[in-house]
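Okay, so here's the structure we're looking at.
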């Protein structure tokens, strides 16, 4: 495990915070390919994964306290650029889009590998923040895999950042049956829940800045000096969809009732269960 | 450099050619086994029998060795015990270390992990360490005729299931509580206990400052669940639903939009990304029946829905579809039950 190398209390001029953000199809506009069971990604507008908004907000709040910069990294097709611009409007300083056909078809392992490689390429990263999960993939696996690949400690389900300085963070982690307060040394990875911070609305100034900002585009080759490019994309993905199936469902009675009849039916059901 | 460049990309696939057996990672909550562990054991037993192989459990924690008997009685053939004081703090990185030691020893072909917050924190670290495939929230697992291990999980569209194959071994899957059933307990059944040496106890960097226990009466245990959806007009109206639930001894569930708006806690969410529930009676109030919600409740014994819209998708999967106003329904049902109860007492 990584030893913290920054002395507590020292003024740290460039506190680097990386946010892992996934540009996801707008859930209100998404369309499905009913036959393949996949999302139609072509030509669909990509927005910031809603679960990543609190991650961006938390990063900006930490920067406001400790100084430094917020760098948002995404791996996505070229149209992911707009979501990164939105992240800049929300307070990020720098945006990096990993985009290349060689990244395509990645499962969580290959995605995490590309993101971890980009973080290594940046170097001098003090804090990595990711959202709880993505609204489309819904796996919640990437931040933990990135932490492991970077050899960093991580805390998941972080519902509150109680305190942070240059050497450590104190966080609350929601582990369902208990809430645990941890002290975690920096650098580390925090996977945060929706409760961690309330995302701010981008200001006009922020939006203007975002329009002018340059979203850096990194190809697989940009990472070739520090990564094995065979571990990117579909090649580096151990999982593959073998087939898709439309399941047969249990037959239901489908009795249509009005409210009066419904109340009577429910009372009868509850009585049969011995609940009344 | 605050991040060591040598770390990323180091993989430990251990050069093992033959891997055999199904391993379950025991999920321990406040010193006791989470019920999902026994559910996974039930499925592991079935998988192992179909594959003519064995079931092992990785049991790591502080003072957890005694739990082995329950595991044997629920289908485990072998239990690997890693008992370390250091595991008293839940640190995903140290737990990963412990499990990696066990996995190196046991060399399983398949690893099953509970999709609790603990399991979901640890699983990605193990998968990344082994550079192997990890499939989240599987709803079924099987070996096909060629002997491939297949993991089934709903695709984003919800009503379609993807059957996923891992090209690497061990294949890893997480499974939500409530998906599989434990086997009938066999009292006195025993197996082999493998105690891992203390020298392998991992050291972590996370420090626990405090812990607060929460009483989470899990809605997955409820016999009757009343679930509210977007048909509810105001947050305060949840009180009406709670009152109704109280008098019939039901739990209250909510759809994802209500949880995302902060109207109900996450623990009460019914649906693929919340809880998978199978109550005797499910009552959906103002729930339209989005595919992701349906995945979480479609195996309920009896489904009742109250919806204004006769074309709402939930109507098609209801045993009783009440077409009407949910507020009127709540009021009339509450009154009727109160009337009946006052008669009885």
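When restricted to residues that are in contact with a strand residue (DSSP E or B) (Cβ under 6 Å, 6 or more places away or on another chain) and either more than 9 Å from every other protein chain (Cβ to nearest Cβ) or buried (at least 18 other Cβ atoms within 10 Å of the Cβ) (or both), region B:296-316 contains 10. Total residues in region A:166-205 satisfying the condition of being under 21 Å from residue A:150 (Cα atoms), more than 7 Å from chain B (Cβ to nearest Cβ) and not in a strand (DSSP E or B): the figure is 3. Remark: residue A:213 matches the filter, which requires a residue to be more than 7 Å from every other protein chain (Cβ to nearest Cβ), surrounded by 12 or more Cβ atoms within 10 Å (Cβ to Cβ) and in contact with a helix residue (DSSP H, G or I) (Cβ under 8 Å, 6 or more places away or on another chain). Looking across region A:216-229, the residues that are part of a loop (DSSP other than H, G, I, E, B) and surrounded by fewer than 18 Cβ atoms within 10 Å (Cβ to Cβ) come down to A:219, A:224, A:225, A:226, A:228. Out of B:91, B:137, one residue alone is closer than 24 Å to residue B:296 by Cα and within 11 Å of chain A (Cβ to nearest Cβ). It is B:137. Is one or more of the residues making up region B:236-253 crowded, with 21+ Cβ neighbours inside 10 Å, touching a strand residue (DSSP E or B) at 6+ places or on another chain (Cβ under 9 Å) and at the interface with another protein chain (Cβ under 9 Å from one of its Cβ atoms)? Checked against the condition, which is being crowded, with 21+ Cβ neighbours inside 10 Å, touching a strand residue (DSSP E or B) at 6+ places or on another chain (Cβ under 9 Å) and at the interface with another protein chain (Cβ under 9 Å from one of its Cβ atoms), region B:236-253 yields at least one hit.
Checking region B:230-243 against the condition returns a match, with at least one residue being part of a loop (DSSP other than H, G, I, E, B) and closer than 30 Å to residue A:156 by Cα. Set side by side, the residues A:185, A:247, A:199 differ, and just one is within 30 Å of residue B:90 (Cα to Cα) and out of contact with any helix residue (DSSP H, G or I) (no Cβ under 7 Å at 6 or more places or on another chain), which is A:185. Scanning for something in contact (Cβ under 8 Å) with a residue 24 or more places away in the chain and over 19 Å from residue B:184 (Cβ atoms), does region B:35-50 turn up at least one residue? Looking for residues that are in contact (Cβ under 8 Å) with a residue 24 or more places away in the chain and over 19 Å from residue B:184 (Cβ atoms), one finds none in region B:35-50, hence no. For region B:260-301, filtering for residues that are part of a loop (DSSP other than H, G, I, E, B), without any contact (Cβ under 8 Å) to a residue 40 or more places away in the chain and within 20 Å of residue B:234 (Cα to Cα) leaves 6.
Could you tell me how many of the residues in region B:209-227 are free of Cβ contacts under 8 Å to residues at least 60 places away in the same chain, more than 7 Å from chain A (Cβ to nearest Cβ) and not in a helix (DSSP H, G or I)? Residues flagged as free of Cβ contacts under 8 Å to residues at least 60 places away in the same chain, more than 7 Å from chain A (Cβ to nearest Cβ) and not in a helix (DSSP H, G or I) within region B:209-227 amount to 5. Selection of region A:264-276 for residues being facing chain B (nearest Cβ under 7 Å), in a helix (DSSP H, G or I) and over 44 Å from the mean Cα position of the chain (by Cα) yields A:265, A:267. Counting only residues that are in a helix (DSSP H, G or I) and out of contact with any strand residue (DSSP E or B) (no Cβ under 7 Å at 6 or more places or on another chain), which one in region A:230-263 is farthest from residue B:309 (Cα to Cα)? Here the answer is A:230. The residue that is modelled with the highest pLDDT, counting only those in region B:212-231 that are surrounded by 15 or more Cβ atoms within 10 Å (Cβ to Cβ) and farther than 14 Å from residue B:270 by Cβ, is B:231.
Within region A:92-100, the presence of at least one residue that is assigned to a loop (DSSP other than H, G, I, E, B) and buried (at least 24 other Cβ atoms within 10 Å of the Cβ) is confirmed. The criterion of being within 10 Å of chain B (Cβ to nearest Cβ), touching a residue at least 40 places away in the same chain (Cβ under 8 Å) and outside any strand (DSSP E or B) does not hold for residue A:88. Is it true that residue A:151 is at pLDDT 95 or above, surrounded by 24 or more Cβ atoms within 10 Å (Cβ to Cβ) and within 30 Å of residue A:231 (Cβ to Cβ)? Considered against the rule, which asks whether it is at pLDDT 95 or above, surrounded by 24 or more Cβ atoms within 10 Å (Cβ to Cβ) and within 30 Å of residue A:231 (Cβ to Cβ), residue A:151 comes out as no.
Out of A:140, A:118, A:147, I need the residue that is in contact (Cβ under 8 Å) with a residue 12 or more places away in the chain, part of a loop (DSSP other than H, G, I, E, B) and in contact with a strand residue (DSSP E or B) (Cβ under 9 Å, 6 or more places away or on another chain). Which one?
Result of the check over A:140, A:118, A:147: A:140.
Across region B:176-208, the qualifying residues are those that are more than 27 Å from the chain's Cα centre (by Cα) and within 10 Å of another protein chain (Cβ to nearest Cβ), and the one among them that is surrounded by the most Cβ atoms within 10 Å (Cβ to Cβ) is B:205. Against the test of being in the same structural domain as residue B:226 (by TED's automatic domain parsing), in contact with a helix residue (DSSP H, G or I) (Cβ under 8 Å, 6 or more places away or on another chain) and assigned to a helix (DSSP H, G or I), the options B:322, B:337 yield a single qualifying residue, B:337.
The values are calculated or read from the model by the stated rules, or taken from the named source; none is laboratory data. Keep in mind that what you see is a predicted model, and the values were worked out from it rather than measured. All Cβ positions, even for glycine, are placed from backbone atoms using ideal geometry, and neighbour counts span all protein chains on display.
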